[in-house]
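Asker: For reference, the structure I am asking about is given below.
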Amino acid sequence: MRIRATVAAVSGALALSALAVPAAQADDSVASRADVAKVRQAAHATSARAAGKPYALNVSFSNFKIAKAVKAGTTNHVATTVTYTLTHGADVDIAARDFVTDPVIYRGSYTAPENMLYGNKPAKCTATNATTATCKGTIDVYPGDHELRNTDAGTWRAAAEATAFNGQDPAGETFDITKVGYKGQSGLGSTLMQRFSKLTVNASPEPVKKGKPITVTGKLSRANWDRGTYNGYVEQPVNLQFRKNGSNTYTTVKTVKTNATGNLKTTVTAAQDGYFRFTFAGTTTTPAATATGDFVDVR
């Protein structure tokens with residue numbers, strides 16, 4: 001099971017307090033996530049007691065592309081594709097089995113992140129010439145495994161990293177981290193991590209006489225990553241829309257705010273057959289949502 005990767009400063013050095021460790025980086029790779037994390041930790045360490053550091057790998061990253069928003073619920077695995085360009089020196093063998101590159105997103109600073117997410121497997125790179133490659137990977141999110149907290153909703157920064165183990169075995173007695181190359185590059189882009197939202201609607205009575213009131217109710221809720229449930233999104237403006245029978249166009253009737261539990265309730269006058277729905281525009285932390293229209297027969 002993957003675990004939230006939180007990095008904290010301890011005695012002047014960065015230490016991983018919780019680390020996600022899939023069994024293998026890729027089908028043809030000999031490096032594990034734990035191996036990469038060990039190198040990253042050493043590269044970012046500032047303590048004079050640090051037992052060596054990896055050398056600066058001659059690579060750089062550009063053209064980083066990720067979705068504008070990642071929408072995560074409470075249980076389902078979410079995977080977001082990332083692409084970027086990797087430029088490397090002639091001395092870097094990106095085809096080696098123990099060369100690993102990953103896209104990363106993080107909260108806070110890159111060297112001391114509040115939270116960090118990456119893919120289950122490393123990116124796969126295709127060489128475009130002797131020193132440039134196009135790489136494609138994923139950011140994998142498992143909200144059901146407590147990888148996210150509600151405070152994580154909002155903007156995340158993007159980075160990429162590459163590690164060349166050069167035949168060094170992190171589990172071996174002769175492992176020499178100074179012979180391992182590492183490069184992490186932050187500030188490559190950003191994305192929004194959003195708490196998935198749901199919106200419902202119910203218009204009644206059905207049928208209703210023309211000129212009589214119609215009561216429209218519903219609820220706006222969003223994922224609560226702390227509890228693994230969906231809870232009402234309070235004090236949010238939601239538009240009530242109507243589409244007459246036979247038309248394809250919805251028109252906004254009024255704007256209603258959710259109450260202290262995320263519920264919605266308003267009344268309108270019955271005029272003609274049609275569909276009522278609520279629609280929510282979304283916020284930085286919560287994506288837009290639209291309820292399925294509810295038909296009302298006016299007689």
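The values are calculated or read from the model by the stated rules, or taken from the named source; none is laboratory data. Since the structure is predicted, the reported quantities are computational estimates derived from the model, not experimental observations. Methodologically, a virtual Cβ is constructed for each residue, glycine included, from the backbone with ideal geometry; neighbour enumeration extends over all protein chains shown. Ligands, DNA and RNA are excluded from the accessible area calculation, which covers all protein heavy atoms including side chains. Shrake-Rupley method; radii C 1.70, N 1.55, O 1.52, S 1.80 Å.
Asker: Looking at THR131, GLY167, HIS146, which one has the Cα that reaches farthest to the positive end of the dipole of the range 114-173 (charges on Cβ: Lys, Arg +1; Asp, Glu -1)?
Answerer: THR131
Asker: Sticking with this structure for a sec: Give me the angle, in degrees from 0 to 90, between the Cα long axis of helix 33-44 and the longest principal axis of the Cα atoms of the chain, rounded to the nearest 10.
Answerer: Long axis of 33-44 versus the principal axis of the chain: about 70 degrees.
Asker: Percent relative contact order of the chain, based on C-alpha pairs within less than 8 angstrom and at least six residues apart? Don't skip to the end; give the middle numbers.
Answerer: On the way: 801 pairs, mean separation 50.0, N = 299.
Reported as a whole number, the value is 17 percent.
Asker: Remind me, relative contact order of the range 109-268 in percent, using alpha carbon pairs under 8 angstrom and six or more residues apart?
Answerer: Working: 258 pairs, mean separation 26.0, N = 160.
In percent, rounded to a whole number, it is 16.
Asker: While we're looking at this one, here's another question. Taking amide hydrogens as modeled 1.01 Å from N in the peptide plane, which residues meet the under 5 Å criterion relative to TYR230, leaving out close sequence neighbours?
Answerer: Residues meeting the criterion, in which the H sits 1.01 Å from N, are ASN224.
Asker: Measuring from label point to label point, each 7 Å out along Cα→Cβ, what is the GLN41 to ALA69 span in nm?
Answerer: Result for the modelled spin labels: 3.7 nm.
Asker: Provide the per residue accessible area, probe 1.4 Å, for the chain, rounded to a whole number of square angstrom.
Answerer: Using a 1.4 Å probe on heavy atoms only, each residue of the chain averages 48 Å².
Asker: Which whole-number percent is the relative contact order of the range 202-250 (Cα, under 8 Å, 6+ apart)?
Answerer: 20
Asker: Something else: Ignoring GluC sites (Glu not before Pro) that are buried or in helix or strand per DSSP, and keeping those with at most 12 other beta carbon atoms within 10 Å, what is the longest stretch of the chain between them?
Answerer: 1-172
Asker: Calculated FRET efficiency, THR292 and SER190, Cβ-Cβ r, R0 30 Å, to nearest 0.05?
Answerer: Taking R0 as 30 Å, the efficiency between THR292 and SER190 is 0.40.
Asker: Okay, next question. State, to one decimal in nm, how far the label point of LYS210 lies from the label point of ALA96, with both points 7 Å from Cα in the Cβ direction.
Answerer: 8.1
Asker: Right, next: Explain nothing, just the number: dipole magnitude of the chain about its Cα centre with +1 on each Lys and Arg Cβ and -1 on each Asp and Glu Cβ, in debye rounded to the nearest 20.
Answerer: 1580
Asker: What FRET efficiency comes out for the pair THR126/THR249, r = Cβ-Cβ distance, R0 = 41 Å, nearest 0.05?
Answerer: With R0 = 41 Å, the Cβ-Cβ based efficiency is 0.35.
Asker: I've got another one for you. Could you run the Karplus curve 6.51 cos²θ - 1.76 cosθ + 1.60 with θ = phi - 60° over the range 265-278 and give me ³J(HN,Hα) per residue in whole Hz, x for Gly and Pro?
Answerer: 7, 7, 10, 9, 9, 5, 10, 7, 4, x, 10, 10, 8, 9
Asker: Right, here's the next one. Within the accessible area of the chain, what % is carbon and sulfur when the probe is 1.4 Å and the other protein chains stay in place?
Answerer: On the way: 7010 of 14310 Å².
The computed percentage sits at 49.
Asker: Please report how far the C-alpha centroid of the range 236-255 lies from that of the range 147-163, rounded to the nearest whole angstrom.
Answerer: Value for the Cα centre distance between the two parts: 36 Å.
Asker: Quick one: grab the alpha carbon gyration tensor of the range 145-212, order the square roots of its eigenvalues as a ≥ b ≥ c, and give me rounded if a/c is under 1.5, else prolate or oblate depending on whether a/b is larger than b/c. Provide the component values of the computation, followed by the final result.
Answerer: Details: a/c = 6.01, a/b = 3.77, b/c = 1.60.
Prolate, since a/c reaches 1.5 and a/b exceeds b/c.
Asker: Which entry in (i) 1.32; (ii) 1.01; (iii) 1.07 is this structure's computed Cα Rg over 2.2 N^0.38 Å?
Answerer: Identified label for the calculated read-out: (i).
Asker: First check a/c for the range 80-148, with a ≥ b ≥ c the square roots of the eigenvalues of its C-alpha gyration tensor; if it is under 1.5, answer rounded, and if not, answer prolate when a/b is larger than b/c or oblate otherwise.
Answerer: Prolate shape, in that a/c is at least 1.5 and a/b is the bigger ratio.
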